[in-house]
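The values are calculated or read from the model by the stated rules, or taken from the named source; none is laboratory data. Remember, predicted model here, so these are calculated numbers, not experimental data. In this analysis, Cβ positions are derived from the backbone assuming ideal geometry, glycine residues included, and neighbour counts consider all displayed protein chains.
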Amino acid sequence: MNFVNLSTSLRLLFRSSVQFSFLRMASSLVIKGYMHDIIMDNGDCRVTVKLDNGLPYDAYDFNWRGLIGLWDHCKWSDSLRYHCMAIDERFTGIDKLKSDSTFVIGGMNMTISSEYYQAIKHRKPVILQIWLSHIGRVSLNYHHTEVDKENNHILSSMDVFHVFMNKVTRKSAPLPEWYKEKYGPYAIGPMAKVMKKLEKVKEVYKYAERVQYHDIDFNNHASYKLYLKLCSNCAHGAVADGFFTKVTDDFALYQVKHISTLYLSETNVNDELIVDTWEDENNNDTVHFIISKTDTGKEVFHCTIRLYSQKNYNPYMPGLRDGKLL
């Protein structure tokens, strides 16, 4: 076995062991230095994960600038949410629903503080929390936070809007009344605000890419992470070709302040997608994106990204400077 295969195998083994441990734990345990606690108070259900060695990003999560990729900021919130679904039935009780239905992401809002980037860089101890925040007619929401363990400052917060979907018709379906009655009491707010549809301007920069097999997730459609990657790729092109006039440096160097997304339709393998991007007319820190199917023109994804003015010229990974090995 060569070094690459060995590294990949060890990484998969570690992730599998973490997942296995999450599924088995009752109250708390330590995994490779990370303390995981389940805290449930006053009838609600929250999970708190204490990471005393910081957010465990590894070399696979860094881009050519030695920085965290746009889509990887959502990584640990994603992992925590799916583990929680398996830990305690009070999160979704998916196994109690009919097998012909599932939950898919309908939208997301994520706010990231400037301290978050320093916490990653210096591996500061952090606390992750997640809880069910709202149940609607066809949807439910989760709220995530990442907190600096030393000063209790919120490093990031994220609301995820899930839609209940019929696997056969691929359309939204109403949640059963018994489900809302049973799980409604565990929803403790705040209710997520869903992003409004964007209105495309006349002058946009375009970028095209085709959905690949590795872009498909367990719901048998393209993962939301693909769309964030496409937005990032499109922004890089807009900068390189001189289309952007406000965001003029390498897009990978900017610190992300806020991400809002809206999912309108599914895409699948071999669908060719076109990404349109433009800078906000009134805000120098804001860029908009709309992704559509090339053949039909149907819009499938809207996204707005706000950036901090400061940029990450000092990479987090040792041995890299401006994307080059030292």
Review point. Among (1) within 21 Å of residue 111 (Cα to Cα); (2) touching a residue at least 40 places away in the same chain (Cβ under 8 Å), which single condition is residue 223 missing?
Key: (2)
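If we scan region 241-264, do we find a residue that is among the aliphatic types (A, V, I, L, M) and in contact with a helix residue (DSSP H, G or I) (Cβ under 6 Å, 6 or more places away or on another chain)? Give the derivation first.
Of all residues in region 241-264, those among the aliphatic types (A, V, I, L, M) come to 247, 252-253, 256, 259, 262, 264.
Okay, now just the ones that are also in contact with a helix residue (DSSP H, G or I) (Cβ under 6 Å, 6 or more places away or on another chain), so none.
Looking through region 241-264, none of the residues is among the aliphatic types (A, V, I, L, M) and in contact with a helix residue (DSSP H, G or I) (Cβ under 6 Å, 6 or more places away or on another chain).
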Study note, to complete from the structure: Within region 278-291, residues being touching a residue at least 24 places away in the same chain (Cβ under 8 Å), within 13 Å of residue 306 (Cα to Cα) and assigned to a strand (DSSP E or B) number 5
**Study point:** Failed item in (1) at pLDDT 90 or above; (2) part of a strand (DSSP E or B); (3) under 28 Å from residue 220 (Cβ atoms); (4) not charged (D, E, K, R), with residue 162 passing the rest
**Key:** (1)
Exercise for review: Check residue 146 against each of (1) outside any loop (DSSP other than H, G, I, E, B); (2) modelled with pLDDT under 90; (3) surrounded by 13 or more Cβ atoms within 10 Å (Cβ to Cβ) and name the one condition it does not meet.
Suggested key: (2)
Review point. Looking at region 189-226, which of the residues that are within 18 Å of the chain's Cα centre (by Cα) and either part of a strand (DSSP E or B) or modelled with pLDDT of 95 or more (or both) is farthest from residue 138 (Cα to Cα)?
Key: 216
